[in-house]
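Beneath this line is the structure, given in structure tokens, with notes to follow.
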Amino acid sequence: MDKNKNIRTVSNRKRKKPRVKFNFGVLLIIFILSFSACFALYMLAANMNENFFEDEFNSIIVEENSEDEQEETTEANEGEISGVEEPVEKSPVTNPVPQSAAADYATYFDNCCLITDATLLEMNQYTSFTDVIGDSLLNAANCTVAKVESNYGTVTIYDTLKLKKPENVYIMLGNDIGVSATEDMIASYTTLIENLTAVLPEMNIYIMQIPPVITDSAPVTNELINSYNEQLLAMANSKNVHCIDTSTALKSVDGNLKEEYWSAEDKKFTEDMYKAVVEYILTHVA
């Protein structure tokens, strides 16, 4: 009787399912063992191949370089598609600058600058060519080192133009003819032109031949002036810059300066001379 009762009691109890417990420690052990196995295999491969690390890292560098080259090729192709081209060298100039249709007197000089020694310092007093930079101590022989005063400070001609960046620059230097050696004058002048074309390749440079004298007076003679002007023309051709024959424009039939362009009383050029130079410039634009 008691036995049957006990059996019934046990069978009526609710049976519970076994619980599955998460063990983080076991997972960590598995991770460490896996990492150790991979590291061991990696080191074994490295020991068996002397160039293992070199091969590994070189492959990475090659992949990076390939991506860079692909990007450069893409950029180059995009540049070709967009029509971007390298700057083209200027076409050869024709010197002396031939006669052209007259430029507008009222506006042409807005984009021009005149660099001069004592020869044309008074240009801005008589004409619309008012942007004049120069000094009586400036000359052809010292044009690379002499400093002149302007709105850009007291600096060299090169530094002044580098800051100013005019569209057109007219240069007349040679007041030291008969004093400085011609070869020294041309050498310094050439250096100035080379420096300017290097830093301002888009600027139009006009070398102006110096005017004749009204009478020969040693050491300055028209023969010496003509020789110097010929060398200026040759230099302009060699450097592919413009040269205007302002000397011939001011000559009389005998090769001297026209009388109306010189004031014997004041010992200087007349207003008519400056106006003649401006008219010549306006009708000889390249």
Next item on the list: Test Lys164 against the stated conditions and say whether it is touching a Phe, Trp or Tyr at 6+ places or on another chain (Cβ under 8 Å) and basic (Lys, Arg).
Entry: yes
Notebook entry, point to check: Could we say that Asn111 is polar (S, T, N, Q) and surrounded by fewer than 22 Cβ atoms within 10 Å (Cβ to Cβ) here?
Noted result: yes
Notebook entry, point to check: Of all residues in segment 167-182, which are surrounded by fewer than 23 Cβ atoms within 10 Å (Cβ to Cβ), over 13 Å from Ile225 (Cβ atoms) and of a type in the set (Ser, Thr, Tyr)?
Noted result: Ser180
Next item on the list: Please give the number of the condition Thr119 fails out of (1) under 17 Å from Tyr280 (Cβ atoms); (2) out of contact with any Pro (no Cβ under 9 Å at 6 or more places or on another chain); (3) not small (Gly, Ala, Ser).
Entry: (2)
Next item on the list: Check segment 149-169 and report whether any residue there is assigned to a strand (DSSP E or B) and of a type in the set (Lys, Arg).
Entry: no
Item checked: segment 213-238 residues that are among the charged types (D, E, K, R), paired with ones that are at pLDDT 95 or above (beta carbon under 7 Å, 6 or more apart) -> Asp216/Asn222
Next item on the list: Look at segment 202-232 and say how many of its residues are under 18 Å from Leu114 (Cα atoms) and of a type in the set (A, V, I, L, M).
Entry: 6
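Can you tell me which residue among Ile207, Ile225 is surrounded by 17 or more Cβ atoms within 10 Å (Cβ to Cβ), in contact with a strand residue (DSSP E or B) (Cβ under 6 Å, 6 or more places away or on another chain) and closer than 25 Å to Leu250 by Cα?
Ile207
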Checklist line | Only one of Glu230, Glu265 that is exposed (fewer than 15 other Cβ atoms within 10 Å of the Cβ), assigned to a loop (DSSP other than H, G, I, E, B) and not β-branched (Val, Ile, Thr) | finding: Glu265
Check: So which residues in segment 186-227 are farther than 18 Å from Thr246 by Cα, small (Gly, Ala, Ser) and part of a helix (DSSP H, G or I), if there are any at all?
Finding: Ala187, Ser188, Ala198
Next item on the list: Quick one: count up the residues across segment 172-185 that are out of contact with any helix residue (DSSP H, G or I) (no Cβ under 8 Å at 6 or more places or on another chain) and either without any contact (Cβ under 8 Å) to a residue 40 or more places away in the chain or not in a helix (DSSP H, G or I) (or both).
Entry: 4
Margin query: Looking only at segment 233-256, how many residues end up being assigned to a helix (DSSP H, G or I) and under 15 Å from Ile193 (Cβ atoms)?
Written below: 7
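Give me a count of the residues in segment 114-134 that are hydroxyl-bearing (Ser, Thr, Tyr), surrounded by fewer than 19 Cβ atoms within 10 Å (Cβ to Cβ), in contact (Cβ under 8 Å) with a residue 24 or more places away in the chain and not in a helix (DSSP H, G or I).
Final tally of qualifying residues: 1.
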Margin query: So Leu282 passes all but one of these: (1) surrounded by 14 or more Cβ atoms within 10 Å (Cβ to Cβ); (2) over 23 Å from Val93 (Cβ atoms); (3) of a type outside the set (Gly, Ala, Ser). Which condition number does it fail?
Written below: (2)
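The values are calculated or read from the model by the stated rules, or taken from the named source; none is laboratory data. The model shown is predicted, which means the values in this text are computed figures rather than measured ones. Neighbour counts run over all protein chains shown; Cβ positions are idealised from the backbone, glycine included.
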